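Student: Here you go, one structure.
The values are calculated or read from the model by the stated rules, or taken from the named source; none is laboratory data. Because the structure is predicted, anything quoted here is derived from the model rather than measured. Every residue, glycine as well, gets a Cβ built from its backbone with ideal geometry; the counts of neighbours run over all protein chains shown.
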Amino acid sequence: MTHPAADPPYNEQRADELSPPALPVADLLPETSRALLHRLAVGQAEGRTPSLVGAVVRSGRLVWTGARSMTEGHAPDEDVQYRIGSISKTFVAVLVMRLRDEGLIDLADPLEQHLPDTAAGGATIRQLLSHTAGLAAETPSPWWERTSGELRPELGHLLEDQPFRHAAGERFHYSNPGFALLGALVAKIRRMSWFDALRQEVLEPLGMTRTTLLPQAPHAGGFAVHPWADVMIPEPLTDTGLMAPAGQLWSTAADLARWAAFLTGPTAGGTEKVLRADTLAEMRRPAAAPEGDWTACQGLGLQLLRQDGRLLIGHGGSMPGFLAGLWVSLEDDVAVITLANVTSSPALWGVAGDLLRIVAEREPRIPAPWRPFTDADPELLALTGPWYWGTTALALHLRADRALELTLLGDRARASRFQPESDGSWTGLDGYYAGEPLRVVFADDGSASHLDLGSFVLTRTPYDPAAPVPGGVDPQGWHAG
């Protein structure tokens, strides 16, 4: 059957009482806005989707939205709900990480420690978050995305008796039931539904009043477009029950702009009232080992993509009748959202990345001005400058807030950052030294004898004979041979 061309591809009924306060908008350049609208229009036309919404977030603010529709005069705005599919998993992951930060779980805990009597109980919470538990990709038949959750009233109905396709921890294997189990874990520990926990702990603090478990007007209807003909049929808008944490949520471009700002971190509009900045950074790191020359990887509930020379962090989403994407480039301080109401369309998958590239290339990020920090500790200043690991020349830099940066002399690209700790030491933040301790070792006269970096001895002169260099130093000192 075909859908009458005169009907709008979304529900026009308004619910103004549900609309969040408008986000502050800083205009993009007119040429950038037109380029974004052009890419969106091409995506809607070539992707053959009834409607397509795009949004751009920069510095934590919604700076552009655009939309195209098959019906003249009925383009949806940033307050129209679309189903966001697996972007729902990013919300569930934040709920799980909140439990970890509160000490209620450990990511190394097997699921059965908190949620007994599931066939997947031996998998750890970290493995479920990173899709390395080895669980089946889908539930037993029938296809859960297009059938009522009433068919699976118990957790045991989500998995087969032997649900593992691979040994737990062996490799990445995407699993929708795995995230349904994580939602059940949240519900068990919080003693409320996972969505009630989400609303109280995440959505309300972030002002995301238009993100819901079931659609609320105005919302788009989902459609399947015939692969070989320009006709379409409506898709059922099912309530998937226990599988909802894997892809049930509905949201808007405006709400997802808030979510993108949150995922970027507190400097771009996020809030540590919901999740600590260091925990968000942990979620954004690869948690499942990439295979080969990777272009896609998995963090803790977040996906990582390499595209156009950029690292994008976020998630894609699809459910019958809907496609969605939310991607952030931390380096460019730009995030993009795309929402479409079509079941499948290969031509749409590149739209989000193209929107981000257009903004990043036409209006590159302007760095914050350099400013000196006040009250520099003289003892810390004395630590700066050249140090040597054996014969390797390094330079130690003092940054704001007592942070240190260690660089290979002459090669700033190989820098390692260290954050200060309360005991006077520092902890590595990235690269080889991530998590490793850096300590200053003092001589009897109170001067800095050497630096201890995870057992590496850094000295002021190469192989300083006065420092405890492992293996000792030739008493002849440096000589010709």
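Student: Consider the range 12-43. How many of its residues are modelled with pLDDT under 95, small (Gly, Ala, Ser) and either more than 16 Å from Thr211 (Cα to Cα) or touching a strand residue (DSSP E or B) at 6+ places or on another chain (Cβ under 6 Å) (or both)?
Tutor: 1
Student: Mind telling me which of the residues Asp423, Asp401 ends up being at pLDDT below 90 and either within 39 Å of the chain's Cα centre (by Cα) or under 23 Å from Glu282 (Cα atoms) (or both)?
Tutor: Exactly one residue qualifies, and that residue is Asp401.
Student: Scan the range 50-67 and tell me whether some residue there is part of a loop (DSSP other than H, G, I, E, B), surrounded by 21 or more Cβ atoms within 10 Å (Cβ to Cβ) and modelled with pLDDT of 95 or more.
Tutor: Yes: the range 50-67 contains one or more residues that are part of a loop (DSSP other than H, G, I, E, B), surrounded by 21 or more Cβ atoms within 10 Å (Cβ to Cβ) and modelled with pLDDT of 95 or more.
Student: I'd like the full set of residues that are at positive phi and without any contact (Cβ under 8 Å) to a residue 40 or more places away in the chain, limited to the range 83-117.
Tutor: The answer is Gly103, Asp117.
Student: Scan the range 360-380 and tell me whether some residue there is in the same structural domain as Gln44 (by TED's automatic domain parsing), buried (at least 16 other Cβ atoms within 10 Å of the Cβ) and either among the aliphatic types (A, V, I, L, M) or more than 24 Å from the chain's Cα centre (by Cα) (or both).
Tutor: Looking through the range 360-380, at least one residue is in the same structural domain as Gln44 (by TED's automatic domain parsing), buried (at least 16 other Cβ atoms within 10 Å of the Cβ) and either among the aliphatic types (A, V, I, L, M) or more than 24 Å from the chain's Cα centre (by Cα) (or both).
Student: Which condition breaks for Arg460 when tested against (1) closer than 24 Å to Asp278 by Cβ; (2) in contact (Cβ under 8 Å) with a residue 40 or more places away in the chain?
Tutor: Only one criterion in (1) closer than 24 Å to Asp278 by Cβ; (2) in contact (Cβ under 8 Å) with a residue 40 or more places away in the chain is unmet by Arg460, namely (1).
Student: How many residues does the range 48-100 contain that are of a type in the set (Gly, Ala, Ser) and closer than 30 Å to Leu129 by Cα?
Tutor: Result for the range 48-100: 8.
Student: Using the structure shown, decide if Gly321 is modelled with pLDDT of 95 or more, on the phi > 0 side of the Ramachandran plot, in the same structural domain as Leu95 (by TED's automatic domain parsing) and not basic (Lys, Arg).
Tutor: Answer is yes for this residue.
Student: Does Ala120 qualify as being in the same structural domain as Phe172 (by TED's automatic domain parsing), small (Gly, Ala, Ser), in contact (Cβ under 8 Å) with a residue 60 or more places away in the chain and farther than 29 Å from Met208 by Cβ?
Tutor: yes
Student: Further question on the same structure: Out of Ala93, Ala108, which single residue is at pLDDT 95 or above, closer than 23 Å to Leu203 by Cα and either surrounded by 18 or more Cβ atoms within 10 Å (Cβ to Cβ) or under 25 Å from the mean Cα position of the chain (by Cα) (or both)?
Tutor: Unique residue meeting the criteria: Ala93.
Student: Check Ala197, Ala229, Ala217 and return the single one that is in contact with a Lys or Arg (Cβ under 8 Å, 6 or more places away or on another chain), of a type in the set (A, V, I, L, M), surrounded by fewer than 15 Cβ atoms within 10 Å (Cβ to Cβ) and modelled with pLDDT of 95 or more.
Tutor: Of Ala197, Ala229, Ala217, the one residue that is in contact with a Lys or Arg (Cβ under 8 Å, 6 or more places away or on another chain), of a type in the set (A, V, I, L, M), surrounded by fewer than 15 Cβ atoms within 10 Å (Cβ to Cβ) and modelled with pLDDT of 95 or more is Ala217.
Student: Which condition from (1) in a strand (DSSP E or B); (2) closer than 27 Å to Arg284 by Cβ; (3) not small (Gly, Ala, Ser) is the one that Tyr432 breaks?
Tutor: Only one criterion in (1) in a strand (DSSP E or B); (2) closer than 27 Å to Arg284 by Cβ; (3) not small (Gly, Ala, Ser) is unmet by Tyr432, namely (1).
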